[in-house]
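Read the structure below first, then the notes.
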Amino acid sequence: MNILLLGSGGRESAFAWKISQSEECEQLFIAPGNAGTQAYGQNVDISATDFNAIKSFCIEQDINMVVVGPEDPLVKGIVDFFADDEEIEHIAVIGPSKKGAELEGSKDFSKRFMQRHNIPTAAYETFTKDELEKGLAYLDNHTLPIVLKADGLAAGKGVLICENREEAKNELRLMLAEAKFGEASQKVVVEEFLSGIELSVFVLFDNFNYLILPEAKDYKRIGESDTGLNTGGMGSISPVPFANSAFMEKVEDRIIIPTVEGLIEEEIDYRGFIFIGLMNVNGEPFVIEYNVRMGDPETESVVPRIENDLVDLFLAVAESRLNEKKMITDPRHAATVMLVAGGYPGEYEKGKEITSLENIEYTHVFHAGTKVLDGKVVSNGGRVIAVTSLDIDKEEALRRSNQYAEQIQFEGKYFRRDIGKDLSV
Ligand code: AMP
Ligand code: GLY
């Protein structure tokens, strides 16, 4: 099979690495990819949201399957774009329809979906631009802290946790009346704060059957001990110690099953990943959010633990045969440490040469924001490289990832040295 993978981050590097090992894969193309994905396939200079260019490329190269990494093309309707076009409708696209992608594309849609299907989540109210006064009054009686969420996609910046009512009112005003996040904040979800430990659960769904992937924990804050600004994710571990079978049973019964049954009942076409962001509140799981793709950097910890042929699983997704498959998981611990550009998640510079990538053993170096410039590998984003080690001993996996994170060099490099440490026994 010829496969086109869309995206350019660490998640796509991990996917490309895994897909390239598949017996089913003849040729792998990555659009646009990064300096690292070239080791696993051929990069193509096409944006992941340029549907017409993607279509032409698929026809030219006789592509059989498109794997969608990021949410943007999904929320913009790439699955429907392929399904509605005779020339490319035969190509399997791994991802939900536009309607399904609303689970991530609209927080209000996803909250209403959870409410309809009795899925545990934080209590909430949604306010539109015309309901600012009502929203402000609602804040008067809200417990603290108050969580405000822009309804639409806001590049991971649309969630605010306000410690006092004045701040919450001010932010609600900025979001609704002054379009702080543009279109995305025309509606705002005001939500109860959940206190607990977060966890990312991943499911593959084929419109009928589901398969649960290894879970992971993401470290979102820039600073050690979970301080400072939120980022796309500074590291991850898999498995997650507290996600024992009793907890995961609750997740499956109360969240995964009602979610897939809800999708079936509402006839939402969904053949792809469901990423459930959960909060463990005293042993009880609550949904923080749905995403309609894999997580980044969770993928860099999760994919190396999957022993199945990933393309074989994707084919089963496309043909609604997931019931024939079993997840085969490597029991080792995976630890991913993300190297980021100095200044990230605020302003940062690109184009820094990356060196000391040699002599790395028993550890994956998944490129994220990198590109080749004049024969050199240089940084090309905030999150630059994900380093993943696996070991039967979690501490050893963490030690190796930290060692190589230290070794790899570029000007301004920063990484968290405490990934996974909070959950050590
Ligand atoms: P999201 O963009 O929905 O993933 O939210 C970003 C982050 O905000 C989450 O990863 C949580 O750490 C935090 N968050 C979101 N909603 C809540 C909530 N209801 N209670 C506590 N923290 C939350
Ligand atoms: N690591 C969180 C995300 O991919 O959204």
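Some observations on this one:
- Computed in the context of the full set of protein chains, the accessible area of the stretch 265-371 at 1.4 Å probe radius has 42% of its extent on carbon or sulfur.
- Protection proxy ranking of 312-318, 220-226, 30-36, by the mean of other Cβ atoms within 10 Å over each peptide's residues and highest first, is 30-36, 312-318, 220-226.
- Report summary: the helix-based calculation at 222 nm, which adds -39500 (n - 2.57) for every DSSP H run with n ≥ 4 and divides by the residues of the chain, gives -7500 deg cm²/dmol.
- Residue-wise HN-Hα coupling along the stretch 389-401, computed from phi with Karplus coefficients 6.51, -1.76, 1.60 (Hz; x: Gly, Pro): 10, 10, 7, 5, 9, 4, 4, 5, 4, 5, 4, 5, 4
- Measuring nothing but alpha carbons in the chain and taking Rh as the Kirkwood radius, the Rg to Rh ratio lands at 0.95.
- For the stretch 115-166, averaging the sequence separation of C-alpha pairs within contact (under 8 Å, six or more residues apart) and dividing by the residue count gives a relative contact order of 28 percent.
- Choice from LEU263, LEU136, LEU148 showing the highest fluctuation, given a GNM over the chain with Cα pairs closer than 10 Å: LEU136
- The stretch 179-257 shape via C-alpha gyration tensor axes, a/c threshold 1.5: oblate
- The stretch 115-182: GluC sites (Glu not before Pro) falling in loop per DSSP and having at most 15 other Cβ within 10 Å: GLU163, GLU178
- Near ALA246: Cβ cut-off under 15 Å, other residues only, Lys/Arg at +1 and Asp/Glu at -1. The net charge is -3.
- Among ALA368, ALA334, ALA243: highest mean-square fluctuation, GNM of the chain, C-alpha pairs under 10 Å: ALA243
- Here is the list for the stretch 342-425: trypsin sites (Lys or Arg not before Pro) lying in DSSP coil, each with at most 12 other C-beta atoms within 10 angstrom of its C-beta, are ARG417.
- Of all DSSP beta bridges confined to the chain, the antiparallel ones make up roughly 80%.
- Carbon/sulfur fraction of accessible area - the stretch 73-187, other protein chains in place, 1.4 Å, %: 46 percent
- Computed E for GLU86/LYS157 - FRET, C-beta separation, R0 35 angstrom, nearest 0.05: 0.35
- TYR362-GLU265 FRET efficiency (beta carbon distance; Förster radius 41 Å; 0.05 resolution): 0.35
- Solvent-accessible heavy-atom area per residue, rounded to whole Å², over the chain at 1.4 Å: 42 Å²
- Our summary gives the stretch 1-48 a relative contact order of 41 percent, counting only alpha carbon pairs under 8 angstrom and 6 or more residues apart.
The values are calculated or read from the model by the stated rules, or taken from the named source; none is laboratory data. Small disclaimer: the values here were computed from a predicted structure and weren't measured. Positions of Cβ are backbone-derived with ideal geometry, glycine not excepted, and every protein chain shown enters the neighbour counts. Remember, those area values only see protein heavy atoms, side chains included, never the ligands or the DNA or RNA. Shrake-Rupley method; radii C 1.70, N 1.55, O 1.52, S 1.80 Å.
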